[in-house]
Amino acid sequence: MIENVEELIKAHEKLEREVYLDIENSSPVPEEVVEAMLPYFTTRGYGNPALTHKPGWEAYEAIMKAAQKIAKYAGAKTPEEIAFTPGETEANNLALIGAALASKAKRKKIVVSEIEPVTILHVAKMLEEKFGCKTVKIPVDAEGFINLENLEEAVDKETLIVSIAAVNPEIGTIQPIKEAAEIVKTRNPNTVFHTDFSDAYGKMKLDFSKTDIDLATISSYKILGPRGVGALYVKQGTKIEKIIEGQIATQKFWPGIENTPLIVGFAKASELTFTDLDKNIGHMRRLRDKLMNGLLSRVSDTLLNGPSGDKRAPDNVNISFLRCEGEALTIELSLKGVYVSSGSACTRRLLQPSHVLTAIGRRFEAAHGSILMKVTRLHTEEDIAYVLKVFPEAVQRIRKIVGSTVVS
Amino acid sequence: MSRVPLPYNQKVLELFRNPKNLGRMEDATVSAVAGNPMCGDMITFYLKIDDEEVIRKASFESYGCAANIATSSILTEMIKNKTLKQAWNVSWKKIVEEIGGLPSIKFHCGILAVGALRRAIRKYYEEKGYTPKWLPKELTFEEKQALEEEELAERLAKRMDGQQ
């Protein structure tokens, strides 16, 4: 199998340009961020931050400073409200399971939307099976928006936690998250309000302390920080418990020795994103529209998935190419140096395509042909021009193989 | 359960990039379809069959992943100049072997390709109005699999329509 992979990689030699747009699934880390991290592997702060020696104190200092920075950007009241975790999957698990443990399973209702990230839906399902919880999924409209009245109806005195992503990672829908949190808290002040903020952090402005949000997951790699680190914003007084056991650490919700270099990298990536945030958002939005409109006008039989304009995250492009299977298209594009992912069943290795796309009413065929792309502050006009150049020929070639097999 | 990576081999990649015998055949003696776009997996086979029941030309069109495209393409190569009986006896395992191996979760692509081919051969004899002795009356494993996939697609379609 390893030989196969070597050959696959070799097939990509002599590329004119490479454009990585699969930020949803992982990301490159810019040199500046790596440089900020390096000393913490080699020369300073390599100690355990909970211990009484210089390398330990250096680590503690670095972690505290990182928490201060992120708290400032997220609008948390204190750095103690930022709990580092090994990633957003872990932060989402901590939010839901942690709330269930803290409630001693007295309240059993979980409210989510139909298009929540897979992590949230899977954790909710686990809580149903193991804790006897019950999940209510509120529907979304054709652009992925929840209806606040449905949310209000779904929350009652039994509701343990509500989890709604501020930005849907697949189709970029920006939910009215502030209003949603308010409604939930008005209905039941004891209900914990969680938002997966991974695709919103660094893509919009929101001060958590000025909202009713109790818990918010933020991600490092989605702002070009390293993988393996994330955080859960835990508003002071929110009742959650840690979900794994181990040596007590400086991070009260995540036992084990802190990964100082990754936390430093996360903070550095945050700094680079939030310094000139408006400019960065404007840049992403410009490239997003260029990419989105360019593809919609150059390729026939397409559907835009999710809203457009200000209602959509500034980085997200998701388009269905009809009569074109997604996995085949991702490979064809890869061979041209454009790296994207698809909501097709094949790339997901599941029987069914993306639950988000089917929830907004896309037929399976359209979901199989969907391509998800995200631009970052570091992409350039030239990158997008290159994608627009090679993309139509890639679709055309795959559609030639499809021929008359599928008629749309 | 883990998510298996898909390290396609060189032969699969080559057939994906430059598929042999691609395209609709206008003068085909018979053609058949298997799979459903709802499953993201669908193949059409075209066969040109001579009076001796030998396949003179075979071509395909495919809506599916790289493995689907590659297995369909290699099957058209494998059955060229073969009698219908010989072509019938090509199993999905032989296709996987011929292509130099496939990730196990892609075996169904080979199965669907055989299902489509056998469907075309049955159709040929139905149109001719006779059944050779070697042709099994019962559907074979590969044909049943193709049918199952199509039925699944229909059930999904109904469920989706019910939701909307």
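Being crowded, with 22+ Cβ neighbours inside 10 Å, under 18 Å from B:M38 (Cα atoms) and of a type outside the set (S, T, N, Q) is true for just one of B:A153, B:A146. Which residue is that?
Working: B:A153 fails: crowded, with 22+ Cβ neighbours inside 10 Å.
Only one candidate passes the filter, namely B:A146.
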Exercise for review: Could you please find all residues in region A:220-272 being within 30 Å of A:P189 (Cα to Cα) and outside any loop (DSSP other than H, G, I, E, B)?
Suggested key: A:G230, A:A231, A:L232, A:Y233, A:V234
Exercise for review: Determine if region A:126-134 includes at least one residue that is free of Cβ contacts under 8 Å to residues at least 24 places away in the same chain, of a type in the set (K, R), more than 21 Å from A:S354 (Cα to Cα) and not assigned by TED's automatic domain parsing to the domain that holds A:V356.
Suggested key: yes
Practice item. Taking the options A:S370, A:S334, A:S404, name whichever one is polar (S, T, N, Q) and under 22 Å from the mean Cα position of the chain (by Cα). Key: A:S370
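Given B:A146, B:A70, B:A157, B:A116, which one is farther than 24 Å from B:D50 by Cβ, touching a residue at least 24 places away in the same chain (Cβ under 8 Å) and in contact with a strand residue (DSSP E or B) (Cβ under 6 Å, 6 or more places away or on another chain)?
None of the other options fit; the residue is B:A146.
Answer yes or no: is there a residue in region A:284-302 that is under 23 Å from A:V118 (Cβ atoms) and in a strand (DSSP E or B).
Of all residues in region A:284-302, those under 23 Å from A:V118 (Cβ atoms) come to none.
No - not one qualifying residue is present in region A:284-302.
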Study note, to complete from the structure: Of the residues in region A:358-390, those that are surrounded by fewer than 19 Cβ atoms within 10 Å (Cβ to Cβ) and at the interface with chain B (Cβ under 10 Å from one of its Cβ atoms) number 1
Check your understanding: Listed residues B:L75, B:L22; which is crowded, with 23+ Cβ neighbours inside 10 Å and under 15 Å from the mean Cα position of the chain (by Cα)?
Key -> B:L75
Review point. Here are some conditions: (1) over 30 Å from A:D141 (Cα atoms); (2) surrounded by 16 or more Cβ atoms within 10 Å (Cβ to Cβ); (3) away from chain B (no Cβ under 14 Å). A:A95 meets all but one. Which one does it not meet?
Key: (1)
Check your understanding: Can you spot a residue in region A:171-180 that is in contact (Cβ under 8 Å) with a residue 12 or more places away in the chain, crowded, with 24+ Cβ neighbours inside 10 Å and of a type in the set (S, T, Y)?
Key -> yes
Study note, to complete from the structure: Going through region B:38-53 in order, the residues found to be free of Cβ contacts under 8 Å to residues at least 40 places away in the same chain and outside any strand (DSSP E or B) are B:G40, B:D50, B:D51, B:E52, B:E53
Practice item. Would you confirm whether any residue within region A:295-305 is in contact with a strand residue (DSSP E or B) (Cβ under 7 Å, 6 or more places away or on another chain), within 30 Å of A:I183 (Cα to Cα) and touching a residue at least 40 places away in the same chain (Cβ under 8 Å)? Key: yes
Review point. Counting only residues that are over 21 Å from the mean Cα position of the chain (by Cα) and crowded, with 24+ Cβ neighbours inside 10 Å, how many does region A:100-114 have?
Key: 1
Point to revise | Breaking point among (1) within 30 Å of A:A366 (Cβ to Cβ); (2) modelled with pLDDT of 95 or more, for B:R118 | key: (1)
Check your understanding: All but one of (1) more than 9 Å from chain A (Cβ to nearest Cβ); (2) touching a residue at least 12 places away in the same chain (Cβ under 8 Å); (3) assigned to a loop (DSSP other than H, G, I, E, B) hold for B:E26; which doesn't?
Key -> (2)
Point to revise | Residues being in a helix (DSSP H, G or I) and either aliphatic (A, V, I, L, M) or closer than 25 Å to A:V406 by Cα (or both) - total across region A:355-395 | key: 20
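I need the full set of residues from region A:342-356 which are at pLDDT below 95 and away from chain B (no Cβ under 11 Å), in order please. Give the steps one after another, and end with the answer.
Looking only at region A:342-356, we keep the residues that are at pLDDT below 95, and these are A:342-355.
Selection gives A:S354, A:H355.
Residue under question is A:T260, and the condition is that it be more than 18 Å from the chain's Cα centre (by Cα), within 16 Å of A:M64 (Cβ to Cβ) and surrounded by 23 or more Cβ atoms within 10 Å (Cβ to Cβ); does it hold?
In short, yes.
Quick grid of which residues meet (1) aliphatic (A, V, I, L, M); (2) within 10 Å of another protein chain (Cβ to nearest Cβ); (3) farther than 29 Å from A:R363 by Cα; (4) surrounded by fewer than 23 Cβ atoms within 10 Å (Cβ to Cβ):
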{"residue": "B:C39", "(1), (2), (3), (4)": "no, yes, no, no"}
{"residue": "B:I43", "(1), (2), (3), (4)": "yes, yes, no, no"}
{"residue": "B:R56", "(1), (2), (3), (4)": "no, no, yes, yes"}
{"residue": "B:A67", "(1), (2), (3), (4)": "yes, yes, no, no"}
Exercise for review: Could you please let me know if A:G132 is farther than 16 Å from A:V155 by Cα and buried (at least 24 other Cβ atoms within 10 Å of the Cβ)?
Suggested key: no
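Which ones in region A:309-341 are of a type in the set (A, V, I, L, M), more than 8 Å from every other protein chain (Cβ to nearest Cβ) and outside any helix (DSSP H, G or I)? Before the answer, list the steps.
Just the residues of region A:309-341 that are of a type in the set (A, V, I, L, M), to begin with: A:313, A:317, A:319, A:322, A:328-329, A:331, A:333, A:335, A:338, A:340.
Then keep just the ones that are more than 8 Å from every other protein chain (Cβ to nearest Cβ); that gives A:313, A:317, A:319, A:322, A:329, A:333, A:338, A:340.
Across region A:309-341, the qualifying residues are A:A313, A:V317, A:I319, A:L322, A:V338, A:V340.
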Exercise for review: Name, by its number, the condition in (1) touching a strand residue (DSSP E or B) at 6+ places or on another chain (Cβ under 8 Å); (2) in contact (Cβ under 8 Å) with a residue 24 or more places away in the chain that does not hold for B:V90.
Suggested key: (1)
Point to revise | Checklist (1) closer than 25 Å to A:H368 by Cβ; (2) out of contact with any strand residue (DSSP E or B) (no Cβ under 8 Å at 6 or more places or on another chain); (3) more than 12 Å from chain A (Cβ to nearest Cβ) applied to B:L75, failing item | key: (2)
Study note, to complete from the structure: The residue that is farthest from B:T44 (Cα to Cα), considering only those in region B:125-164 that are within 12 Å of chain A (Cβ to nearest Cβ) and aliphatic (A, V, I, L, M), is B:M160
Revision key, fill the gap. Filtering region A:43-60 down to residues that are surrounded by 17 or more Cβ atoms within 10 Å (Cβ to Cβ) and assigned to a loop (DSSP other than H, G, I, E, B) yields A:G45, A:G47, A:N48, A:P49
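The values are calculated or read from the model by the stated rules, or taken from the named source; none is laboratory data. None of these values were measured; they are calculated from a predicted model. Ideal geometry is used to build each Cβ from the backbone, glycine not excepted, and the neighbour counts take in all protein chains shown.
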